Amino acid sequence: MDWYMMNCELLATCSALGYLEGDVYHREPDCLESVKDLIRYLRHEDETRDIRQQLGAAQILQNDLLPILVQYPQDKVLFDAIVRLMVNLTQPALLCFGKVPPDATSRHHFLQVLSYLQAYKEAFASEKVFGVLSEKLYDLLQLDWEQRQEEDTLLIERILLLVRNVLHVPPDPTEEQGVDGDASVHDRVLWAMHISGMDDLLKFLASAQAEQQWALHVLEIISLMFRDQSPEELAALGQGQAAAEHGEDTRELETLRQRELAEKRVRALQRPSRHSRFGGSYVLQGLKAIGDRDVVFHKGLHNLKSYSHDLGKETRRVPRRRQAAPEAEPPRRSARNVRLFLCHFCQDFLEGCYNRLMLLVKDQLVREKAQQHDETYYLWATAFFMAFNRRRGFRPELVSETVGIRAFHFIEQNLTTYYEMALMDKKEAATWARRMHLALKAYQELLRTVEEMDRSPEQAVRDSSQVIKSNIFYLMEYRELFLALFRKFDETKQPRSFLRDLVETAHLFLRMLERFCRGRASLVVQSKRVRRKKKPRAPTSLAPQPPSTAELEELWAGLAPQLQACLQGEVTLPEDVVPFDAASETPVEEQRTEALLRIQGCLRDAQAPQALRLLRSARDVWPEGDVFGPPAAGPLEETRLLQEILFAPLPQHMPPEAEEPEEEEEEDEEEERETVQVSEKEFNFLDYLKRFACAPVVRALVLLLRGYARNSPRTNHCAARLLHRLARDLHMEALLFQLSLFALFHRLLSDPAAGAHQELVALAKFILGKFFALAATNKKAFVELLFWKTPAAIREMTEGYGSLQEGEGAGRSRVPPWTPQEEQELRELYWKYKEVEGEDIIAAILAHLPAPGRTRRQVVKQLVRLGLASSAKDFPRERKGTGLVLWTQEQEEELVRLFEEFQGSEDILGNIMKHLTARRSRARVVEKLLGLGLVSERKELYKKRRRKGHGPGPDVAGTPAVPAQDSSAEDRDSEEEEEEEDEAEEGPMEEDWAPEEGAGQGLAHRLHQEGLAGPLRWLENCLRRTAGDREEDGVSHPVPLVPLSEENEDAMEDRRFRALLRQLGLRPPASEQESFWRIPAALTPQQLRRAAASIAHHGPDPPASPQGLLEPPRCPQDPGPEQLPAGQGSDSESEEPVPVPSPVQPGTKRRRELDSEDDGSSGAEPAPAAPSSQEDEEEDLQPLGRRKRVRLVEEEEEDD
């Protein structure tokens, strides 16, 4: 479609706006109605955004809307409508399409809309336009809160959104190809804002007490203003260091000049003085061609170094999923006058606005009053302005709000969240990686600020720095963070700039930690270890051998006197023996068999009173058939019955054997129950540094150093220093004996400009010298170059390959080795039981192995190693099952009869299961009913639930609703192999069921006392976040509860925690396709907030870690930290009352589109301030230390 051919109605509407004659715009009488019509058209555009594209092609904004805005600002209604229309037209393309479309057609529409937005941005680079907007915004801000109408508040928000949309438009790389220092379109927009005074209004909004609802708007606009700027360059501007501004350019040019001169000298030495028309032919001895002969080289000798077998071959295409992540746009240098204006803006913002604005934004983020992912603006502002302050004289009081333990905790919490989401959400991993990069830069700047505080001349500042460092070095989460980021680095999802910042931050953290430890005799830190309570499995799955007849006769001879004493009443029989459980899911017939087994077990354990009591109780329960004797049985009859039961060969229960995947790594097969134990230990820096001696860290450093020519000198220094720590401080030079690193060293040493990288050259010579010294004694060192190595492999490589055979290495398996005697016994047992039919060979071997503790997998793998079996598939496991597969004709007729009998009941399937003669699982019955055509779908067999509130009743009104999941528990089948299928057949929880107010409060209090405070805070946070999302979106969908930490996973397995979830109205997995509990769509935001408030802990908060600047030093173990005043590193609310926003002027962030009705809201009265709701008060009582921690254990094995 040709977008320049406009729709007839749209063309008529645009023509009715007016016309431009010279510099004067003449509006038509129907101008206002035409603007409203355009708003209405935009509201009903299709997925290709056809209306938006036609208006952009016709340049309506440049030729009509902006002239009307400039010439008729006094017409309030028209001005409001024009701003509404421009906010809609300039909204980002990503908001219009949701995401970058993958298909070519939609991507074309996306790029077309983006090109129109770039044209709009160039039209906004006008001082007149921003002058009108600034004047209007100034007039609105002059109104007091009582005088400000609803439409005034909306117009303020729309003006801020319009400025945000204009600044958000990305640059056009094809149009803006100027060098650094030229004025781009973005620079011209910034300059127009500066001339019009819009920047001063932004600073007023950030600092005014009455305008705190615009905090997030202002922060987002400021982040877009400084999008292309570097804080270091802005800080160095205007300080009389003109030469320093061009220092980096000078160094780059000098490096290029050295490389070019070196190449010229090499070419001059290689090229002969007299030119020859014949290049000559040479034989390269030792370099084989395709055949067995040496390569014949037909070019000059000066081209010999560039020879490769790969010459002339096609370049291998790298798949898209393996391509490196694209780098972000590098910051460009704006025009000098723009940079000076931005530098002064930063100074004024730090002095008057930063601490207050960051406190307001942090409060909105913590209370979840902002939109999703708005914390990225907070992270950006922390990194940018703290870097500017550090480079511009460093005044710690200007950034006190973001310096402290709580700031570290907030950034670490978000960084951990992004890290976990990048691992889970594979499709959006690149987006999560960008957010993780922002959090990492903020974390790096906090560390640099703390390091700068150590050099402060004020003693109080240095003491505060010591307090902060003692806390972050004490907690394990901060120490383990960099190891986790290194191990999970993925170059296809995370750009090279992320790796650069990660290496620089890790180097800074290690340097600060080393200096902190150096001045102390000992340092105590927190440690978390996983304590595994091991319960060894039974060595065999075979039933124990029954006692022989002689043993039973001897046992009966000892039991006879006890039985006589019991029958004569000399011994009191126990009263707590019950043979039947009416609430059990086990069928009655099976319980009768179990009663016989229990009587036999008591007799064989010499417990005659218990056996006699069980016999009499079972006779009362099952009188039919005289299985347990006649009702009037005497002592002699009971004695005979007990003797028969003792000697009877009753079938013993076979314990079910869990399936074990054969492809898993060899490990000790033991049931383990993991619990995290928090303790304290003395810290050793070298032991902590050894955690970095692993292949993922070295691989990441090598990847970063591949671009050493493009890296900054600081980046190369940090990477080289980390490698030096691993090689020299830990004496693990062999860790760097890797072929890819040696290829990098070869390229570095042959680089003509290697003189600019002396530190890397020294490291390369040191590593190569160590390698050739080792290769003189270990000829296998050249083969070891092909593999990434572990500390255990390094020790074998340097000390001998037999030095770790005794299981000394950390990476060795915990499985005990097989001795020659055990191997011989294994061979004999294998040949003994190999020919026995109908018996499991491995089970028989395990039963007769003299050495206990061996598992089935260990035996199978050892048999394969000894050559007695080809693979583990030669020993299949016996599959457990009911044995009932086929349905007889009588059973089918019985099933049809039962279905017709109970078809009108509430629980069809439950009644059928109770009356079936042959025991079958629920899944088999459902399949047969479907196969017979009695039902068309499974839902017809679900238990019919009574909906709450369908009819009035005396017992309904006063009784709290009970989830239907509990009522169906008694209908579940007991077979372990059918458990998942049975749960899939259960009906889902009633969607309309709502929790009562205060439901679960007592159970939550008990769970909190039992140590489940962390999962309860996580559940409360999920409920509040879901409530906020449903209020914002207006749409409710079931939200799964995904536990990301081990603590939350363990809580989801706890029976009482699941009972709490049911009391709150949450729904368990409804079928085998679902794995997580869900928050039903029927729960309203008010109900969710009530549920969150009922489980909130209202006790005293745990003592917070010290933070702030002006604090005395305190150890982390000291009880009761001092409270900081607001504004000095504290996250607490200010003491001044915060006005509650009205319904029309919300405290949350702006909506993306502000399209109201056509008749407007010009005559609306100011809405009264809404009273503080109960939910807000309950949110104030949330504990400060909500955190989701990565469970990183110190003894965790290396993840390659």
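The values are calculated or read from the model by the stated rules, or taken from the named source; none is laboratory data. Note that the coordinates shown come from a computational prediction; the quantities given were computed from them, not determined experimentally. Virtual Cβ from ideal backbone geometry, glycine too; neighbours counted across all protein chains shown. Keep in mind that these areas ignore ligands, DNA and RNA; they rest on the heavy atoms of the full protein, side chains included. Shrake-Rupley method; radii C 1.70, N 1.55, O 1.52, S 1.80 Å.
Quote the accessible area belonging to Trp191 in square angstrom, nearest 10, computed with a 1.4 Å probe and with ligands, DNA and RNA left uncounted.
80
If amide H atoms are built 1.01 Å from N in the plane of the peptide, which residues on other chains or at least 5 residues away come under 5 Å of the amide H of Gly18?
Glu28
When the dipole is taken about the Cα centre of segment 141-233, and only Lys, Arg (+1) and Asp, Glu (-1) are charged at their Cβ, what size is it in debye, to the nearest 20?
Working: 6 positive and 19 negative charges, 37 e Å.
Dipole magnitude for segment 141-233 comes out near 180 debye.
His717: accessible area at probe 1.4 Å, nearest 10 Å²?
60
So what does Thr917 come to for accessible area, using a 1.4 Å probe and Å² rounded to 10?
Solvent-accessible area, nearest 10 Å²: 120 Å².
Calculate, in nm to one decimal, what Leu749 and Phe772 gain on full extension: separation in residues at 0.36 nm each, minus their alpha carbon distance.
Contour length minus the Cα-Cα distance gives 6.6 nm.
Considering only protein heavy atoms and a probe of 1.4 Å, how much of the accessible area of segment 672-786 is carbon and sulfur, as a whole percent? Present the calculation step by step, with values, prior to reporting the outcome.
Details: 3030 of 5400 Å².
So the carbon and sulfur contribution to the accessible surface is 56 percent.
Taking a cut-off of 19 Å between Cα atoms, list the lysines near Lys939, but don't count ones fewer than 8 places away on the same chain.
Of all the lysines, those that pass the test against Lys939 - Cα under 19 Å, at least 8 places apart if same chain - are Lys928.
Ignoring ligands, DNA and RNA, how do Met913, Met424 rank by accessible area with a 1.4 Å probe, largest first?
Of Met913, Met424, the descending order of accessible area is Met424, Met913.
Apply the a/c threshold of 1.5 to the C-alpha gyration tensor of segment 1-130 and tell me whether it is rounded, prolate or oblate.
Prolate shape, in that a/c is at least 1.5 and a/b is the bigger ratio.
Students sometimes get this wrong: rank Arg920, Arg293, Arg390 by accessible area, probe 1.4 Å, all chains present, largest first.
Arg293, Arg390, Arg920
Would you mind telling me the share, in percent, of accessible area of segment 348-454 contributed by carbon and sulfur at probe 1.4 angstrom?
Details: 1630 of 3330 Å².
Its accessible area is 49 percent carbon and sulfur atoms.
How would you classify segment 136-239 from its alpha-carbon gyration tensor, with a ≥ b ≥ c the square roots of the eigenvalues: rounded for a/c under 1.5, else prolate if a/b is greater than b/c, otherwise oblate?
Cα axes put segment 136-239 in the prolate bin.
Step through the residues of segment 483-492 one at a time and calculate ³J(HN,Hα) from phi using the Karplus curve (6.51 cos²θ - 1.76 cosθ + 1.60, θ = phi - 60°), rounding each to whole Hz and writing x for Gly and Pro.
Karplus values, whole Hz, x for Gly and Pro: 4, 5, 5, 5, 5, 9, 6, 10, 5, 7.
Quick one: of Lys488/Lys690; Lys832/Lys873; Lys264/Lys765; Lys426/Lys528, which pairs are farther than 23 Å apart, Cα to Cα?
Lys264/Lys765; Lys426/Lys528
Hey, any idea what % of segment 144-232's accessible area is carbon plus sulfur with a 1.4 Å probe?
Details: 1550 of 3010 Å².
Solvent-exposed carbon and sulfur of segment 144-232 make up 51 percent of the total.
Kindly write out, for segment 551-567 in residue order, the coupling ³J(HN,Hα) from the Karplus curve 6.51 cos²θ - 1.76 cosθ + 1.60 (θ = phi - 60°), rounded to whole Hz, with x marking Gly and Pro.
Computed from phi, the couplings for segment 551-567 are 5, 5, 5, 5, 5, 5, 4, x, 7, 4, x, 5, 5, 4, 5, 5, 5 Hz.
What is the distance in Å between the Cα centres of segment 834-848 and segment 445-482?
Cα centroid of segment 834-848 versus Cα centroid of segment 445-482: 64 Å apart.
When the gyration tensor of segment 349-411 is built from Cα positions, what are the square roots of 5 times its three eigenvalues, in whole Å, from largest to smallest?
Each semi-axis is the square root of five times an eigenvalue, giving 21, 11, 11 Å.
I need the trypsin sites (Lys or Arg not before Pro) found in segment 6-105, filtered to DSSP loop residues with at most 13 other beta carbons within 10 Å of theirs.
Here the trypsin sites (Lys or Arg not before Pro) that fit, given the DSSP loop and packing criteria, are Lys99.
Would you pull out the residues with amide H under 5 Å of Val524's amide H, same chain only if 5 or more places away, H placed 1.01 Å from N?
Here Phe683 satisfy the definition.
Under a plain spin-label model, where a point goes 7 Å from the Cα along Cα-to-Cβ, how far apart in nm are Ala1082 and Glu553?
Here the modelled spin labels are 7.0 nm apart.
Quick one: ranking Ile39, Ile290 by accessible area, 1.4 Å probe, largest first, what do you get? Write out the running numbers ahead of the final one.
Working: Ile39 5, Ile290 175 Å².
So, going from the largest accessible area down, we get Ile290, Ile39.
Residue-wise, which Karplus ³J(HN,Hα) couplings in Hz belong to segment 202-219, taking 6.51 cos²θ - 1.76 cosθ + 1.60, θ = phi - 60°, and x for glycine or proline?
Coupling constants for segment 202-219: 5, 5, 5, 5, 6, 10, 6, 5, 7, 10, 6, 6, 9, 4, 6, 4, 5, 5 Hz.
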